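Asker: If you scroll down you'll find the structure; I have some questions about it.
The values are calculated or read from the model by the stated rules, or taken from the named source; none is laboratory data. Everything numeric in this text was worked out from a predicted model, so none of it was measured. Cβ placement follows ideal geometry from the backbone for every residue including glycine, while neighbour counts extend to all protein chains displayed. Side chains included, ligands, DNA and RNA excluded: accessible areas come from the protein's heavy atoms. Shrake-Rupley method; radii C 1.70, N 1.55, O 1.52, S 1.80 Å.
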Amino acid sequence: MGCGSSSAPTLTAAPTPTQPAPPAPRPQRLSLGISEANPSLLSPGGVAPGFAAWRDRLFALHPRWYRLPVDWSKLQPDPAKAADLGLAQDGCLRGRPPCGAFAGVEAELRAIRQAQLAQGGFEVVVVIYGVPDWAAAPAGGCERSDASPRSRPITAAGIAGYQALLTELEAIGRRTGVALDWWSPWNEPNHPAFISPQRAACTTSSPTLSPAVYAQLVRAARAQLGPSRRLVLGELAGFAGPTPRATGVGEFVRALPDDVACAGSVWAQHAYSQPDGRAPDAVGELERALAGRRCTAARPIWVTETGVGGARSGAPRDSSPAALAAQCHAQAAALERWDADPRVQAAFQYTFREDTAYPVGLADAGLTRTYPTYDLWLRWSRAGPDTPGPPAPPPGC
């Protein structure tokens, strides 16, 4: 009977009582994170000239997470000395102004503590990378022509130094008042820039070597940090399958020993967007690989690096209006896909200020403009769990 009908109802036998089907649960809204190294974009107090308005734009995103990459190779060139967590930085972007000099990791954490007190959020995820020369194994296997000690497998002396670095970072967290609860043992272990060689021979039939190297680091981190710290495993580069010099996402995960694969609270995947749709579904590949073990089948996933811009690392960014709109639409589609996936809990923009070597930022390197993707992330930052559907793309997207 349609609404407004004047027909009398027909009496029928009462149906057997049944429980109504519960409404489909709304997937958890993505929590957002950010990577940004310069404390002048992180501190709510006085900052270097040229940064305040851009700091305010970053703060408007209200990131829950802050990703802190730590390049060990630069901090401890001499094994006889502790890592220099106050190493002076000029604060420029590969030489480009505006610049705001700062004292390394310690200054970043002090700025983060002020941001936490001012508006909350900014929970820190520490990510280690870069092997010092003294901690690196000799060259060997299938390596790129630009391979250096900072990418090579770590020695026994290096493992001891790595654990000492973790202890020093914990200490500086206590000094600055920043809780360091989340730790990623190594960045992009399936990428030859971070572990090299990936294979003994330059063919995909040569077994991957990097999972065994990564296992050493995870075990060392677990032993040093103890059970109260939570490990973020993976931080995988988005290789959909094996290549002669890189390890595919699924290939890497399946090669890990059980004690390592089961050690993390969260798995992390890097997934950059491409307007032409050529970017592989790295998150889906990770999910399929994690399904192969009972201990990882339900683990949450974080996309700890994402962004859109240059077609590949180091390529210039097309900033024409049509290209920027296409980039924004590609990122919007990725955020919607992850938001609808109950396994994916967080997405981290890399970075806020654009790195000219990785041109996927939300603002340009000179801090003169934001891109349409900034407005997209701003809308997502304002969307709560009760918001119906994903945020609409902003104008120009």
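Asker: Would you look at the GNM of the chain, springs on alpha carbons closer than 10 Å, and say which of I34, I172, I195 moves the most?
Answerer: In the Gaussian network model the winner is I172.
Asker: Positive end of the dipole of region 254-368, charges at C-beta (+1 Lys, Arg; -1 Asp, Glu), about the Cα centre: which of V360, Q349, A282 has its Cα farthest in that direction?
Answerer: A282
Asker: List every residue whose amide H lies under 5 Å from the amide H of V178, counting only residues 5 or more places away in sequence or on a different chain, with H placed 1.01 Å from N in the peptide plane.
Answerer: Residues meeting the criterion, in which the H sits 1.01 Å from N, do not exist here.
Asker: Quick one: if you stick a label point 7 Å off each Cα along the C-beta vector at C295 and D56, how many nm between them?
Answerer: The answer from the label model is 5.0 nm.
Asker: May I ask for the net charge around L75, where only other residues with Cβ less than 12 Å from the Cβ of L75 are counted and Lys, Arg are +1 while Asp, Glu are -1?
Answerer: Local net charge: -2.
Asker: Once neighbouring chains are kept in place and the probe is 1.4 Å, which whole percent of the accessible area of the chain is contributed by carbon and sulfur?
Answerer: 56
Asker: What's the FRET efficiency of D181 with S145 using the Cβ-Cβ distance as r and R₀ = 56 Å, to the nearest 0.05?
Answerer: Efficiency at R0 = 56 Å is approximately 0.90.
Asker: Size of the dipole of region 277-397 about the Cα centre, Lys and Arg at +1 and Asp and Glu at -1 on the beta carbon, nothing else charged, in debye to 20?
Answerer: 280
Asker: Whose amide H sits under 5 Å from the amide H of D355, counting only residues 5 or more places off or on another chain, with H placed in the peptide plane?
Answerer: Those qualifying (amide H under 5 Å, at least 5 residues apart or on another chain) are V360, G361.
Asker: Let me check against my output: what whole-number percent is the relative contact order of region 203-321, with C-alpha pairs under 8 Å and at least 6 apart?
Answerer: Normalised by residue count, the contact order of region 203-321 is 24 percent.
Asker: Before anything else, pin down the relative contact order of the chain: Cα pairs under 8 Å, at least 6 apart, normalised by residue count, whole percent.
Answerer: So the answer I get is 15 percent.
Asker: Sum -39500 (n - 2.57) across every DSSP H segment of at least 4 residues in the chain, then divide by the residue count to get the 222 nm mean residue ellipticity, nearest 500.
Answerer: -9000 deg cm²/dmol
Asker: Which loop-located trypsin sites (Lys or Arg not before Pro) does region 360-397 contain, where loop means any DSSP state but H, G, I, E or B and the Cβ has at most 10 other Cβ atoms within 10 Å? Show your work: numbers first, answer last.
Answerer: Working: sites: R369, R379, R382; in loops: R369, R382.
Listed in order of number, the matching sites are R369.
Asker: Could you tell me the relative contact order of region 141-259? Use alpha-carbon pairs under 8 Å, at least six residues apart, and round to a whole percent. Display every interim value, and only then the final one.
Answerer: Numbers: 182 pairs, mean separation 39.0, N = 119.
Relative contact order, region 141-259: 33 percent.
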